[in-house]
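Notes follow the structure.
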Amino acid sequence: MPAISIIIPMYGVEKYLRRCLDSVLNQTFTDWTAICVDDGSPDKSGDIATEYAKKDKRFIVVHKENGGLSDARNYGMPFARGKYIMYLDSDDFIHPQTMEIAYNLAVKNKSDIVSFTYDRFYRPQLMVRHILRMDTDNVKPYGIKKRYNISKLKTKTTDDVFEYATEQTHNKFNPKRKWLIKHCQVWKNLYKRSLIADIPFIKGILFEDFPWWSAIMLKRPRTTVVPLPLYYYIPNFGGIVLSAKQLRIMQSLCTGIKTAFTLYTKKANSEQMKKWQMQFMWFFVNWAFRKLKYLKTDDEINTARTEFIQMQKMGVFDNVPNDWYELRENIYKFINN
């Protein structure tokens, strides 16, 4: 059994895939398997992954009919037999020490999750170059060559992940700022397999990270935060989020909100529910509500109104922090219009 299994869904990424797989192959940590899930990709992604698997048995390629990102991650889970699990989007890549650092910290601190971060300069740099029609394929992040001494890394380990996981923006004077697990992207964490094995991603929605991460937090995982930019998040300008219709984005967000709210109503204590609502739920409610301005037809607007009415009936809007009171009033006006 490998120490780490890394699940890599693939769809239409032949342009980026070699860079992604090479970043796994070049890890300083060697006890891994990479589960490459060919999600019915119409290009040569499956062939490229098979090429790697023929050269290195740590690469495992599985094929399935197209079902979307969530379905591909779920499909790869039974093949991922490592004690720890990572997720890597196939148009992204990772620092050579990502697995080494995450695994060592997990063992040292007996952690269920080790949370790192992504390079916050690299992606904007690529987006600017793309707008200016400059080369983006051969631009390497500055930090990719940096090597870290694991024994000297500064970390924070907590048994209350709610104190550090958030969607909020914090100013530079916040003493916790350095240790925040900002946003809920699943690919910037190492997870103990036993923690996540029974929590599938919701199939068919965008932003599946939010309800999934909400469920993970409820398990009160022991979490180590290491604020290093070990993940390189690439803008795929033909990607699923950028090309999606605004109505589908809004519906996906509402599905995530309703799913997570139901879970927290059943399982969270009052303090957990309060923190989750303040630090996550209302940010996603706001995001969903902002999508209304992009809807064009009466059918789209009526569909959106139905979603918000459902959330109102569930009690999603019953307890509102002061910061979000105006938003709730605007939602009620929309519902009753």
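The values are calculated or read from the model by the stated rules, or taken from the named source; none is laboratory data. Since the structure is predicted, the reported quantities are computational estimates derived from the model, not experimental observations. Glycine gets a Cβ as well: all are built from the backbone with ideal geometry, and neighbour counts include every protein chain shown. Please note that ligands, DNA and RNA were not included when accessible areas were found on the heavy atoms of the full protein model with its side chains. Shrake-Rupley method; radii C 1.70, N 1.55, O 1.52, S 1.80 Å.
Quick one: would you say Thr98 is crowded, with 19+ Cβ neighbours inside 10 Å, more than 25 Å from Ile8 (Cα to Cα), among the hydroxyl-bearing types (Ser, Thr, Tyr) and at pLDDT 90 or above? Here the answer is no, as Thr98 does not meet what is asked. Thr50 - would you say it is assigned to a loop (DSSP other than H, G, I, E, B) and of a type in the set (Ser, Thr, Tyr)? So Thr50 fails the test. Under the condition of being surrounded by fewer than 20 Cβ atoms within 10 Å (Cβ to Cβ) and within 21 Å of Asp22 (Cβ to Cβ), the residues counted in the range 61-78 number 1. Selection of the range 310-329 for residues being surrounded by 14 or more Cβ atoms within 10 Å (Cβ to Cβ) and in a helix (DSSP H, G or I) yields Met311, Gln312, Met314, Trp324, Leu327, Arg328.
Let's see how each residue does on (1) in contact (Cβ under 8 Å) with a residue 60 or more places away in the chain; (2) more than 23 Å from Phe201 (Cα to Cα):
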site	(1), (2)
Tyr264	no, no
Ser270	no, yes
Met273	no, no
Gln279	yes, no
Phe283	yes, no
Ala288	no, no
Tyr294	no, yes
Asp299	no, yes
Thr303	no, yes
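For first residues located in the range 110-139 and open to solvent by 90 Å² or more (accessible area, probe 1.4 Å), partners that are in a loop (DSSP other than H, G, I, E, B) and lie 6+ apart or on another chain with Cβ distances below 7 Å form the pairs Lys110/Arg222. Does Leu126 qualify as being touching a helix residue (DSSP H, G or I) at 6+ places or on another chain (Cβ under 8 Å) and not in a loop (DSSP other than H, G, I, E, B)? Answer is no for this residue. Here the helices (runs of 4 or more DSSP H) wholly within the range 181-286 that include at least 3 residues being among the basic types (Lys, Arg), surrounded by fewer than 20 Cβ atoms within 10 Å (Cβ to Cβ) and at pLDDT 95 or above are 246-267.
Counting the residues of the range 96-118 that are closer than 23 Å to Val161 by Cβ and assigned to a loop (DSSP other than H, G, I, E, B) gives 3.
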